[in-house]
Amino acid sequence: MPCPFIGSFNQAFVKNYGSHLMKQYGKFCPTLSRGFRSLGQDETKCPFIQQNSIISEAPKEMTEDIVERVQPYQYEKFFHEQISAKKKDYSYRIFRKVSRLAADGMYPQALEGAENHRVTVWCANDYLGASRHPVVQDAAINAIKSYGTGAGGTRNIAGNSQMTEKLETEIAKLHKKPAALIFSSCFVANDATLSTLAKILPGCLIFSDAGNHASMIQGIRNSRAPKQIFRHNDPNHLRELLSQSPPGVPKLVVFETVHSMSGAICPLDEMCNIAHEFGALTFVDEVHAVGLYGKHGAGIGEERGLQHKIDIVSGTLGKAYGNVGGYIAGSSLLVDTVRSLAPGFIFTTALPPPVLAGSLAAIRLLASEEGRSLRSKHQAIVRYLKLSLLVAGLPQLPSVSHIVPVPVKGADKVALVAESLMKRGHYVQAINYPTVARGEERLRFAPGPYHTPEMIDSLITALTEAFHENNISFNEFMKNGTCRECSMEYKVDIAYEEPYKYPMQVA
Ligand code: PLP
């Protein structure tokens, strides 16, 4: 609707005197008076302004130097804040420069820092030294010479070699399962398997141990399936939760045999029995047990004759088997389902030839008589360390496995003790949040068959000094190997010759 008042003027007059007219008469106009109050929002409603474009857009040449600048997001500031928060609460991770040596007479030592100090390594998960065993090394070297260093693509495209299939057959045999599937790591194996299974099983419920490793937690989260958490290694709590769950729906019970940070071993038989009583499948992570327990090194399941009660077992090729990669083993159809549907398996380059050959050689080595001998020595040296700590009055968390945790409360303190040890030629990484809960910081020792009693004696002296240096009190009842109270001499014996006793196998 044209404005009858303005419309009576010619256009040139309006253009020249528009602002004056508006100032004088605008307040009498029902449309413009509103426009005055909120010009900018209502201007489109005024037929006068629309037609005559009194308030027209300024020409481009006039506005190009007043471009409004929107500040871009401050990415670096954000990252700085994240890192500062981690540094403030001592959870910022500093990787030590440590190159482990593999040659005979050198292992388990490493070159540390820019100046290549020689240190003894106490925290590697290459538990039995398989990474430097000549048989494993030769297999990897020969595979490189025959097949090159890389797989050349995903399993689907270029990487499904004969060796890949041989390794899967060997893993399946080790765990007494019809099938196995290898992944680029066990983190990926756990994540891909759990997220895929729990997503596709209709209405699947997950029962997860409170101490589970991040890889399983990640898989469970990624599945978006409902989960219940039971207290760590507590079969009664597992039963309580399962008994409240609806019958007839798919369920997964997820836990580890040997706990990576405490060294605890789960009540495997009881937990499997309870899971099966309520119709659940058991998913059991044997990452810190494969190669180390059981007659052929298949883990706690084999040692206790319980492999048949584990529906899906996961393991790593990167710790006792001295290579890299992870796997699951289970029924043929289950494994085929994961192979067919898990993105973490499908869309990534296959494991390379030296890793396949090295892993195959390591599994065979640790399943042999030599493997049994290495396990026997391993257990003996672990016992020696535990007893030596006890005799020195140094603290240790109760562990029934090869993992020996020494508690040092406080992220700052544990880092200082680790530093004091390094100065004395012993490398052990301080463990703090988020790997363990705050207040549960520790040093995690993993001695192996190539550590000698002399190395352990030197470690105990260094640890005692490190505790003193950092004002950490402990029950120091010994002085020069004798009790301060009664002068009795304490000596820890190591008995390599003691045969490792395997429990009776249950058929
Ligand atoms: N599960 C547990 C209990 C672990 O401790 C780890 C690694 O430390 C993994 C799974 C992942 O294994 P990988 O190193 O092969 O990714």
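The values are calculated or read from the model by the stated rules, or taken from the named source; none is laboratory data. All values reported here derive from a predicted model rather than from experimental measurement. No Cβ is skipped: glycine too gets one built from the backbone with ideal geometry, and neighbour counts run over all protein chains shown. Surface accessibility is based on the protein's heavy atoms, side chains included, excluding ligands, DNA and RNA. Shrake-Rupley method; radii C 1.70, N 1.55, O 1.52, S 1.80 Å.
Loop exposure criterion: GluC sites (Glu not before Pro), DSSP state outside H, G, I, E and B, at most 15 other Cβ atoms within 10 Å. Applied to the chain, the longest stretch between such sites is 116-475. Ordering PHE477, PRO447, VAL414 by Cα displacement along the dipole of the chain toward the positive end leaves VAL414 in first place; charges were set at the Cβ atoms of Lys, Arg (+1) and Asp, Glu (-1). If you wrap the chain in the convex hull of its Cα atoms and look at it from every side, the mean projected area works out to 40.0 nm².
Computed extension gain for LYS423 through PHE79, at 0.36 nm per residue and net of the alpha carbon distance, reaches 120.6 nm. Only Lys, Arg, Asp and Glu carry charge here, each on its Cβ (+1 for the first two, -1 for the last two); on that basis the range 327-430 has a dipole of about 360 debye about its Cα centre. Which whole-number percent gives the relative contact order of the chain, counting Cα pairs below 8 Å spaced six or more residues apart? Rounded, it is 16 percent for the chain. Rg and Dmax over the alpha-carbon atoms of the range 145-246 stand at 17.5, 58 Å. Modelled label positions at ASP89 and ALA12, each set 7 Å beyond Cα in the direction of Cβ, lie 7.6 nm from each other. What is the range 410-467 by shape, rounded, prolate or oblate, if you read a ≥ b ≥ c off the alpha carbon gyration tensor as root eigenvalues and call it rounded for a/c under 1.5, prolate for a/b larger than b/c, and oblate otherwise? Cα axes put the range 410-467 in the oblate bin.
Would you mind calculating the relative contact order of the range 319-424 from Cα pairs under 8 angstrom and at least 6 residues apart, reporting the percent as a whole number? Before the final figure, lay out each step's value.
Details: 42 pairs, mean separation 17.0, N = 106.
For the range 319-424, the relative contact order is 16 percent.
At an R0 of 45 angstrom, the distance between the Cβ atoms of GLU485 and HIS232 translates into a FRET efficiency of 0.75.
Taking a straight Cα-Cα cut-off under 24 Å and skipping sequence neighbours fewer than 8 places away in the same chain, the lysines within cross-link reach of LYS15 are LYS23, LYS27, LYS45, LYS60. Overall, the range 369-411 carries a charge dipole of about 100 debye about its Cα centre when +1 sits on the Cβ of Lys and Arg and -1 on the Cβ of Asp and Glu, all other atoms neutral.
For a quick check of your reading of the filter: which trypsin sites (Lys or Arg not before Pro) in the range 429-483 sit in a DSSP loop and have no more than 15 other Cβ atoms within 10 Å?
Answer in residue order: ARG438.
About its Cα centre, the dipole of the chain is roughly 1020 debye, where the only charges are +1 on Lys and Arg Cβ and -1 on Asp and Glu Cβ.
By the helix-only formula, in which each DSSP H run with n ≥ 4 contributes -39500 (n - 2.57) and the sum is divided by residues, the chain has a 222 nm mean residue ellipticity of -12500 deg cm²/dmol. Assuming a ≥ b ≥ c are the square roots of the Cα gyration tensor eigenvalues, decide whether the range 167-222 counts as rounded (a/c under 1.5), prolate (otherwise, with a/b larger than b/c) or oblate. Verdict is prolate for the range 167-222. Percent of Cα pairs in the range 360-439 per distance bin of 10 Å, from zero to the largest separation: 16, 34, 30, 18, 2.
Here LYS309 is the anchor, and the lysines within straight C-alpha reach of less than 19 Å, apart from those fewer than 8 places off in the same chain, are LYS173, LYS176, LYS177, LYS251, LYS295.
Would you mind working out the accessible area per residue for the range 114-188, using a 1.4 Å probe, and quoting it in Å²?
With all protein chains present, the range 114-188 gives 51 Å² per residue.
Oblate is the label for the range 342-406. Its Cα gyration tensor axes, ordered a ≥ b ≥ c, give a/c of at least 1.5 and b/c at or above a/b.
Tally up the carbon and sulfur contribution to the accessible surface of the range 208-310 as a whole percent, 1.4 Å probe, everything protein left in place.
Carbon and sulfur together cover 51 percent of it.
Listed by chain and number, the lysines whose C-alpha is less than 27 Å from the C-alpha of LYS423, apart from same-chain residues fewer than 8 away, are LYS86, LYS87, LYS88, LYS97, LYS319, LYS386, LYS409, LYS413, LYS479, LYS491.
The stretch between ILE157 and GLU454 holds 101.7 nm of extra length on full extension. This uses 0.36 nm per residue minus the Cα-Cα distance.
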